[in-house]
Amino acid sequence: MELFIALIPLAVYLGLIGMIPFYRRPIVRSGGSDLFWLWLGIGGLVMVGPVKLLFPINTLVLWHEFAFVLVGALYILVGVLVSGIRQSQIVVYNIRREDFQSFLDELQQKSEVQMIGNCVQIPKIDVQFSYETQPFWQSLVLQATSRNQNLGGWLQLEQVLREKFAACRTPITMKALILPLVAVLLVAWGCYLGFLRT
C-alpha cells in the first residue's frame, strides 16, 4: 500500500506532463506553478519516506490517521510558499527554438530588447532573463538573472508569450510517448505491489 501511495502521485504528474506534446499548442506557465505541480507529484514519495521516518509516534497515537492529513496539508502549504518565493521564471512547453528566436528577433528589430548571448533585457517592463531550450522535450525556460525585478513585467511577458505563440503548432514525435508510458508502468507497478501482492 505504501508503494501505491508513493508512486501514484508521481505517475499522475508524469502522465499529465506527458500529454502536453499531444496538445501541440505551446503552453506557457509560471515557474512557480510548474514547481508546485512537481512538488505535488513527489508528495507520495515524501510522505512514505522522510515524513514517515521522522513522524513522532506520540502524535500518531493521539490523532490517528488524521495526523497524516495535517502533515499533508502542511506539505502543500510549504509547496505554495516555496513556489511563491522563488526567482521569477517562465516555462514554455511545445515550443521550438526557432519560434522563440524569431520572437526575439522581432522585438530586437523594434529596439525593445537588448541581447548578449542567451541573456535578454527588456527595459520597458524592467525584466532581465536568460533562456535555455530543451530540444528533446521541445520546451523552453526563461530564468530571471536577479531577484530585484518587476513582477508585473514578468506577468506581462507571460501574457505576451501566450498571445504570440497561440497560433503555433508543434509536430508530435515518438519521444512524446516516453512519459505516458512511464506513467502507465508506474501505475501498474504501484497497483501490483500495493494490492495484488497483499
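Nothing in this text is a laboratory measurement; each read-out follows from the coordinates by a stated rule. Computed from a predicted structure; not experimentally measured. A quick note on method: Cβ atoms are made from the backbone with ideal geometry, for glycine too, and the neighbour counts reach across all protein chains shown.
Highest-first packing order for the peptide set 170-177, 33-40 is 33-40, 170-177, based on the mean count of other beta carbon atoms within 10 Å. In the chain, helical runs assigned H by DSSP with n ≥ 4 each contribute -39500 (n - 2.57); averaged across all residues and rounded to the nearest 500, the mean residue ellipticity at 222 nm is -17000 deg cm²/dmol. The residue among Leu142, Cys119, Thr173 whose Cα reaches farthest toward the positive pole of the charge dipole of the stretch 114-198, with charges on the beta-carbon of Lys, Arg, Asp and Glu, is Thr173. Net charge dipole, the stretch 25-170: roughly 120 debye, given to the nearest 20, about the Cα centre with Cβ charges of +1 for Lys and Arg and -1 for Asp and Glu. Relative to the current alpha-carbon distance between Cys168 and Gln134, full extension at 0.36 nm per residue lengthens the span by 10.5 nm. Working from Cα pairs under 8 Å separated by at least six residues, relative contact order for the chain is 36 percent.
For the stretch 111-193, the relative contact order works out to 18 percent when only alpha carbon pairs closer than 8 Å and six or more residues apart are counted.
In this simple spin-label model, placing a label point 7 Å from the Cα along the Cα-to-Cβ direction at both Lys124 and Leu74 gives a separation of 4.8 nm. Here's the picture: charge each Lys and Arg Cβ at +1 and each Asp and Glu Cβ at -1 in the chain, and of Val12, Leu45, Gly152 the one pushed furthest to the positive end of that dipole is Val12. Over the stretch 71-141, Cα pairs under 8 Å with separation of 6+ residues give a relative contact order of 33 percent. Cross-link partners for Lys124 among the lysines, with Cα-Cα distance under 29 Å and sequence neighbours closer than 8 places in the same chain left out: Lys110, Lys164. Remark: the stretch 27-39, residue by residue, has Karplus-estimated 3J(HN,Hα) of 10, 9, 9, 6, x, x, 5, 5, 5, 5, 5, 5, 4 Hz, where x stands for each Gly or Pro and the curve is 6.51 cos²θ - 1.76 cosθ + 1.60 at θ = phi - 60°. Modelled this way, with points 7 Å down the Cα-to-C-beta line, the labels at Gln143 and Tyr192 are 3.7 nm from one another.
Taking the Cα of Gln108, stepping 7 Å toward and past its beta carbon, and measuring to each backbone N in the stretch 163-194: which are under 20 Å? What the label zone holds, given the 20 Å backbone N cut-off, is 164-165.
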